[in-house]
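Undergrad: Okay, here's the structure, questions in a sec.
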Amino acid sequence: MQIKNRNLFRITRFILLKLPGLFKFFSKFRSSQKRILIIKTDAIGDFILFRNFIEITKKSEIFKDHQVDLLGNELWQDIATQYDNKFIGDFFFINPNELYEKPLTTFKLGWRLFKYNYETVLQPTFARTFINDGLAGLTAAKQIIGFKGDTERINIKYKTKTDRFYTTKMLLPVGINFEFERSRFFFENVLKQPVTINGPSIPVDNSIRKGIIIFPGAAVFKRSWEGKKFVGLIKLVLQHTSQPVYLAGGPDELQIGEYLTKNLPSNSVDNLIGKTSLTQLIELIGNAALIIANETAAIHIAAATQTKAVCILGGGHFGRFAPYPDQMQNKLVCNYEKMECYQCNWNCIYQTMENEPYPCVANVSLEKVWQAVLPLLVD
């Protein structure tokens, strides 16, 4: 978390660390309701990998007669309300990073959650955050279940204090690194039943697949493959297929879209960057013949809609989000060049220019990606 206003953060910190104890005291004088809260405030790709466990929770023997509520990230609000609304009673959507400097908003949300009188709160993200831990504590639920976790996204001095909010802290077995498998482990233990799904899934009508969609951007610029390599790749694609080629992505990627269209033959691609909603993007990906992208949510949406995909992969979170494990369905074709510094959590040890990608991304050659794309092209 990056804090700009330390004074506002200090107030929020007080709310997150001190008030849960007070709320817990008052909760002794009430009986909890048959209601559970799932806290999942990560990015879009994380939610795509996670969302199928909501339905499993709602239909489980242990929670089938409970209302299931979801505290999520406003980034993927449209996805959750369209695809998961029949399993969720109440939604709460936040920008988790903004709450650190919005103490009044944080207090109001915490008070609202406390009043819902939850029996159980589930916090299934292994890399816990201070804001999620604090909000879980403010519910004062009878059970608050999460992972023991690590300190990738939470300072150890806060984690030591928020650990006490949890009634159960699971230890993740060595070797379970992929996010979907972490969620499977969590819910199999909470629900006390096997979880048989073998990958993310989103229902789309994809009887006719057409078009090749290129996602040239990434949430962090330095995790993106170079624009000039995308230009070269797209030119090769255009030479070998009659399929329409589209550029897609969010509003933050308009600049790379303009660069590509400027350096490609006129009218050779349809630039949809910044022009689609998330739900429209899911339908677009679900009806495509092929997706080519950096490690972004688009790759996970492709997997969830059974769409062929080629991923240009760096090493910061290697194995956590991609590549998909061998035993999973919907396997992606991932292109990477392994380095000794892989799994650095994107704390790169190399000095690079601001407008250059990380070396683990830049090292992936155009030829390597093209050789992965070529067998998947259709006319």
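The values are calculated or read from the model by the stated rules, or taken from the named source; none is laboratory data. Not measured: the values here are computed from a predicted model. Neighbour counts run over all protein chains shown; Cβ positions are idealised from the backbone, glycine included. In case anyone asks, the SASA skips ligands and DNA or RNA and just uses the protein heavy atoms, side chains included. Shrake-Rupley method; radii C 1.70, N 1.55, O 1.52, S 1.80 Å.
Undergrad: Would you tally the residues in the range 161-177 being part of a loop (DSSP other than H, G, I, E, B) and surrounded by fewer than 18 Cβ atoms within 10 Å (Cβ to Cβ)? Quick ask: steps written out before the conclusion?
TA: Taking the range 161-177 as the starting set, the residues that turn out to be part of a loop (DSSP other than H, G, I, E, B) are 166-167, 171-177.
Adding the requirement that they be surrounded by fewer than 18 Cβ atoms within 10 Å (Cβ to Cβ) leaves 167, 171-177.
Selection size over the range 161-177: 8.
Undergrad: Got a number for residues in the range 301-319 being open to solvent by 10 Å² or more (accessible area, probe 1.4 Å) and within 17 Å of the chain's Cα centre (by Cα)?
TA: 3
Undergrad: Let me confirm something: among ILE38, ILE56, ILE3, which residue is of a type in the set (A, V, I, L, M, F, W, C) and either modelled with pLDDT under 95 or in a loop (DSSP other than H, G, I, E, B) (or both)?
TA: Checking each option against the conditions leaves just ILE3.
Undergrad: Could you tell me how many of the residues in the range 336-351 are open to solvent by less than 50 Å² (accessible area, probe 1.4 Å) and not hydrophobic (A, V, I, L, M, F, W, C)?
TA: Looking only at that region, the number is 1.
Undergrad: If GLN243 satisfies every condition in (1) on the phi > 0 side of the Ramachandran plot; (2) in contact (Cβ under 8 Å) with a residue 60 or more places away in the chain; (3) among the polar types (S, T, N, Q) but one, which is the exception?
TA: (1)
Undergrad: Just checking, how many residues over the range 352-371 are over 25 Å from the mean Cα position of the chain (by Cα), touching a residue at least 40 places away in the same chain (Cβ under 8 Å) and either assigned to a helix (DSSP H, G or I) or buried (at least 16 other Cβ atoms within 10 Å of the Cβ) (or both)?
TA: Going through the range 352-371 one residue at a time, the tally reaches 2.
Undergrad: Separate question: Give the residues of the range 348-366 that are farther than 21 Å from PHE230 by Cβ, modelled with pLDDT of 95 or more and not β-branched (Val, Ile, Thr), sorted by residue number.
TA: Within the range 348-366, CYS348, TYR350 qualify.
Undergrad: Does ASN85 satisfy being modelled with pLDDT of 95 or more, open to solvent by 50 Å² or more (accessible area, probe 1.4 Å), of a type outside the set (Lys, Arg) and in a loop (DSSP other than H, G, I, E, B)? Don't jump to the end; show me each part of the working.
TA: On the way: modelled with pLDDT of 95 or more: yes; open to solvent by 50 Å² or more (accessible area, probe 1.4 Å): yes; of a type outside the set (Lys, Arg): yes; in a loop (DSSP other than H, G, I, E, B): yes.
Taking the combined requirement at face value, the residue satisfies it.
Undergrad: Shifting gears a bit: Hey, among ASN7, ASN52, which residue is closer than 30 Å to ASN177 by Cα, out of contact with any strand residue (DSSP E or B) (no Cβ under 9 Å at 6 or more places or on another chain) and either crowded, with 20+ Cβ neighbours inside 10 Å or not aliphatic (A, V, I, L, M) (or both)?
TA: Values: ASN7 fails: closer than 30 Å to ASN177 by Cα.
Going through ASN7, ASN52 in turn, the sole match is ASN52.
Undergrad: Moving on. Working only within the range 93-108, note down all residues that are free of Cβ contacts under 8 Å to residues at least 60 places away in the same chain and surrounded by fewer than 18 Cβ atoms within 10 Å (Cβ to Cβ).
TA: PHE93, ASN95, GLU98, LEU104, THR105, LYS108
Undergrad: Which one is nearest to the chain's Cα centre (by Cα), of the residues in the range 320-346 that are more than 23 Å from GLY227 (Cα to Cα) and polar (S, T, N, Q)?
TA: ASN345
Undergrad: Continuing with the same structure: Would you check if ASN198 is polar (S, T, N, Q), touching a residue at least 24 places away in the same chain (Cβ under 8 Å), open to solvent by 70 Å² or more (accessible area, probe 1.4 Å) and out of contact with any strand residue (DSSP E or B) (no Cβ under 8 Å at 6 or more places or on another chain)?
TA: When the stated conditions are applied, ASN198 does not pass them.
Undergrad: May I pose another question? Pick out the one residue from SER31, SER60, SER27 that is touching a helix residue (DSSP H, G or I) at 6+ places or on another chain (Cβ under 6 Å) and either more than 30 Å from HIS300 (Cα to Cα) or of a type outside the set (D, E, K, R) (or both). Working first, answer last.
TA: Values: SER31 fails: touching a helix residue (DSSP H, G or I) at 6+ places or on another chain (Cβ under 6 Å); SER27 fails: touching a helix residue (DSSP H, G or I) at 6+ places or on another chain (Cβ under 6 Å).
SER60 is the lone residue from the list that is touching a helix residue (DSSP H, G or I) at 6+ places or on another chain (Cβ under 6 Å) and either more than 30 Å from HIS300 (Cα to Cα) or of a type outside the set (D, E, K, R) (or both).
Undergrad: Can you list the helices (runs of 4 or more DSSP H) lying wholly within the range 89-153 that have 3 or more residues being in contact with a Pro (Cβ under 7 Å, 6 or more places away or on another chain)?
TA: Numbers: elements: 96-99, 103-115, 130-139.
Helices (runs of 4 or more DSSP H) meeting the threshold: 130-139.
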